[in-house]
Amino acid sequence: MLILNSGGTFNKRYNEMTGTLDVPYDNYALEAILDSASKNFNLAGVVYKDSLEMDAQDRKMIANIIMESKEDSFVIVHGTDTMHLTAEFLDEIFSDRKIVLTGAMKPFEIDSVESSFNLGMSIGFLKAKPKEGIYISMSGLIEKWDNIEKNRSMGKFEIVR
């Protein structure tokens, strides 16, 4: 299993200089969560952006890493606003991999529970050896990417099919 960090709210931290929440160029949040596990996980930082700033080149970079990897299972930590776009993009390329996109509605720095829960669910799901496909793991749910979506007004993900 390979865990790819592409930034998003999950990773945001308060910037005292600007007063904003920024996506840092590090894997601090993921490393803090994974350090509590008794197993080492392969982790790679990829994009380090808010998902609204991601473009086709960023998605191609993620796809290339997956394509070149010897692993068949992947967790992608991604911003919640556009994870469905990345999932759709990856679904057009991969039919022989197990890929779970996850993230958080609140930054790890503000509330570590949600991000830890979502990452843990994603890892556990892949350890259970699901069928190949692209999944989203959010709000206590794991579904194929086109069966789940963000309900912005409620601040959570819901099953839609």
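The values are calculated or read from the model by the stated rules, or taken from the named source; none is laboratory data. Quantities reported herein were computed from a predicted structural model and do not represent experimental measurements. Here Cβ is always computed from backbone atoms with ideal geometry, including for glycine, and neighbour counts include all displayed protein chains. Accessible surface is based on the protein model in full, side chains and every heavy atom, while ligands, DNA and RNA are left aside. Shrake-Rupley method; radii C 1.70, N 1.55, O 1.52, S 1.80 Å.
Lys and Arg at +1, Asp and Glu at -1: add these up for the other residues within a Cβ distance under 11 Å of Met121 and post the number.
My count for the surroundings of Met121 gives 0.
Might you report the magnitude of the Cβ-based charge dipole of the chain about its Cα centre, with Lys and Arg at +1 and Asp and Glu at -1, to the nearest 20 debye?
About 460 debye.
Taking Cα atoms, how many degrees apart are the long axis of helix 112-127 and the longest axis of the chain, rounded to 10 and kept between 0 and 90?
10 degrees
Report, to the nearest whole %, how much of the accessible area of the stretch 41-161 belongs to carbon and sulfur atoms, 1.4 Å probe, protein only.
49 percent
Specify the inter-centroid distance of the stretch 112-161 and the stretch 31-101, based on alpha-carbon positions, in whole Å.
Centre-to-centre (Cα) distance: 14 Å.
Can you work out the Karplus-derived ³J(HN,Hα) for every residue in the stretch 11-27? Use 6.51 cos²θ - 1.76 cosθ + 1.60 with θ = phi - 60°, whole Hz, and x for glycine or proline.
8, 4, 9, 5, 9, 5, 6, 9, x, 10, 8, 10, 8, x, 8, 7, 10
For the chain, set up a GNM with springs between Cα atoms under 10 Å and report which of Glu149, Glu92, Glu31 has the largest fluctuation.
Taking springs between Cα atoms under 10 Å, the residue moving most is Glu92.
Just going by the charge dipole of the chain, with Lys and Arg at +1 and Asp and Glu at -1 on Cβ, which of Met61, Ala32, Pro130 is farthest out on the positive end?
In the chain, that residue is Pro130.
Going by alpha carbons, how many degrees (0 to 90, nearest 10) lie between the helix axis of 56-68 and the longest principal axis of the chain?
Tilt relative to the chain: about 50 degrees.
Do any trypsin sites (Lys or Arg not before Pro) in the stretch 81-137 lie in a loop, going by DSSP, with at most 16 other beta-carbon atoms within 10 Å of their beta carbon, and if so which?
In loop regions of the stretch 81-137 (DSSP not H, G, I, E or B), the sparsely surrounded trypsin sites (Lys or Arg not before Pro) are Lys131.
Would you compute, from DSSP H runs of 4+ residues alone, the mean residue ellipticity of the chain at 222 nm, taking -39500 (n - 2.57) per run and dividing by the full residue count, rounded to the nearest 500?
Helix contribution divided over all residues of the chain: -8500 deg cm²/dmol.
Using a cut-off of 13 Å between beta-carbons, work out the net charge of the residues near Ile93 (Lys and Arg +1, Asp and Glu -1, Ile93 not included). Walk me through the numbers before you get to the answer.
Details: positive: Arg59, Lys60, Arg97; negative: Glu68, Glu88, Asp91, Glu92, Asp96, Glu132.
Result for the local shell: -3.
What residues have an amide H closer than 5 Å to that of Val100, excluding those fewer than 5 places away on the same chain, when H is modeled at 1.01 Å from N in the peptide plane?
For Val100, whose amide H was placed from the backbone, the distant partners under 5 Å are Phe74, Val75, Ile76, Tyr135.
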